[in-house]
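No lab work stands behind these numbers, since they all come straight from the coordinates. Bear in mind that the values here come from a model prediction, so they are computed numbers and not experimental data. When we count neighbours, we look across all protein chains shown, and the Cβ atoms used for this are built from the backbone with ideal geometry, even at glycine.
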Amino acid sequence: MKPETDSWETIIGLEVHAQLSTESKIFCGCATRFGDEPNANTCPVCLGLPGALPVLNWRAVELGARAALALGLQINERSIFARKNYFYPDLPKGYQISQYDQPFSAHGTLEIMTAARDEAGHAHEWKPMTIRITRLHLEEDAGKNVHEGLPEVDRYSYVDLNRAGVPLAEIVTEPDFRSSWEAYDYVNHVRRALQWVGASDADMEKGNLRCEANVSVRRKGDTSLGTKVELKNLNSVRFMQKAIEFEVQRQIQTLEAGGRLTQETRLWDERLSETRPMRSKEEAHDYRYFPEPDLPPLVVTKNFIEQARDSMPELPGPRARRFGEKYGLSYADAAQLTASRSLADYFEEAVRASDGNARGTANWIRSELLRELENAGIDAGKSPIPANEMGALVKMIDAGKISGKQGKEVLVEMFATGKLAGAVVEERGLVQVSDTGEIDRAVDEVIAANPKQLEQYRAGKEALFGFFVGQVMKASKGKANPKIVNERLREKLK
Ligand SMILES: [Zn+2]
């Protein structure tokens, strides 16, 4: 039973944890590599052994700055690391080094594109929306408790501390989202922005992008916020969207039935498609933050911030707008071609190689190349067809050297074999003959060899035109450009 949702308003705030793409951890020299033997990448600092001292990895600061700038945030010249105290087996120090009242970065506004979806999940009518970002702070990750795949897991708990001390940027928004799809579009925007500037791989499958949603509902017109529920265990952006959707319905149903909501943390269970209460990790949310005594304040200069700003690439939003203006692409096409920086770069290089046929190149990439890339699970930057060869193929089709249909076959073979466009065309003997001299010779021969048909045609039997086209095409072994064959025949049969 679906409750009467029209009289309710949904309020959502999001927290994203993104692993910064450093080689080593944030406060020690241990590797951040994913998939190594459990506890292989540990040392006294990240194990929390007594007397070990943290030293800040400056690369984490540089990548944090790129992340902040990519999301439209201000960078604070001075920020403070703080201890967030809580007990959990994956946190050997008994506290996490984070930032609290003086974060690295704060106060941003980010414009994203968002769209409502129909029942099948198809987006319609994309429109801009501004999100206020409260803060971005730097912190270390905790380790990971392992409950599966090891001997006697019913008797023992295991802990892998390879992840302990890996640098994270935590990005917190104001409660600005009013629907699960807005939240979905925001997280995808953030993910792409972080990947785009090289701040994070932002790969949710590897756990290097995680998100949490704070969800509450209130009756329309109410000004105070309702009881908020924190959603965790959202292992993909789509799961997050589904979890929010479920939670909104659950909260409205509870309230409409006269029930009360509990402020709690709930987990998404993908198998059952529902949220359920989580056993509380910390009984009370009193982390007793205090400044980390082993680390000095983090100070960055104006010059550092300027340099970071200068080294930023053109961001996805502006780039999509430029694609629209410069190349005459629709928003949907431009958005698709800026889905990743490597694809956007690929497109522009291919356009140059095609001698400026942007629309044609966009169509070939969108309809043919992306399908091949998706099927093979390959990123545009690693396409077996280099961008300049994609452009070369478009140019051949434009020049009438090969037909569009042949072009599709050539593209598939180039993708499968890594061969160049010209080589495939030559090997397959595909080159379309557009040389009028050569076509004229074939036309003359065909006319001379078929005097009877010529007579009938000239007497008005126009259907015979197709016969002549067929004969010329046959004489050229199918290689003659049909458009030119038609033109020359009309001329010579007069
Ligand atoms: Zn370490």
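Details
- Here L91 meets each of (1) under 20 Å from S105 (Cα atoms); (2) within 16 Å of the ligand (Cβ to nearest atom); (3) among the aliphatic types (A, V, I, L, M) with one exception, condition (1).
- Filtered by the rule that a residue be acidic (D, E) and either in contact (Cβ under 8 Å) with a residue 60 or more places away in the chain or within 16 Å of the ligand (Cβ to nearest atom) (or both), segment 159-203 gives D160, E170, E174, D176, E182, D185, D201.
- Top-ranked residue of segment 209-225 - restricted to ones that are of a type outside the set (D, E, K, R) and under 16 Å from T265 (Cβ atoms), ranked as farthest from the chain's Cα centre (by Cα): S216
- Across segment 6-47, the qualifying residues are those that are among the hydroxyl-bearing types (S, T, Y) and farther than 30 Å from S224 by Cα, and the one among them that is nearest to the ligand (Cβ to nearest atom) is T42.
Table: residues versus (1) touching a helix residue (DSSP H, G or I) at 6+ places or on another chain (Cβ under 6 Å); (2) closer than 30 Å to A350 by Cβ; (3) not in a loop (DSSP other than H, G, I, E, B).
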{"residue": "V412", "(1), (2), (3)": "no, yes, yes"}
{"residue": "E438", "(1), (2), (3)": "no, no, yes"}
{"residue": "V446", "(1), (2), (3)": "yes, no, yes"}
{"residue": "K474", "(1), (2), (3)": "no, no, yes"}
{"residue": "L489", "(1), (2), (3)": "yes, no, yes"}
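- Residues being among the hydrophobic types (A, V, I, L, M, F, W, C) and either on the phi > 0 side of the Ramachandran plot or part of a strand (DSSP E or B) (or both) - total across segment 127-154: 6
- Taking each residue of segment 130-148 that is closer than 24 Å to I12 by Cα and in contact (Cβ under 8 Å) with a residue 24 or more places away in the chain and looking for partners that are part of a loop (DSSP other than H, G, I, E, B) and among the charged types (D, E, K, R) with beta-carbon atoms closer than 7 Å, six or more apart or interchain, yields I131/D176; R132/E174; R132/D176; T134/E174.
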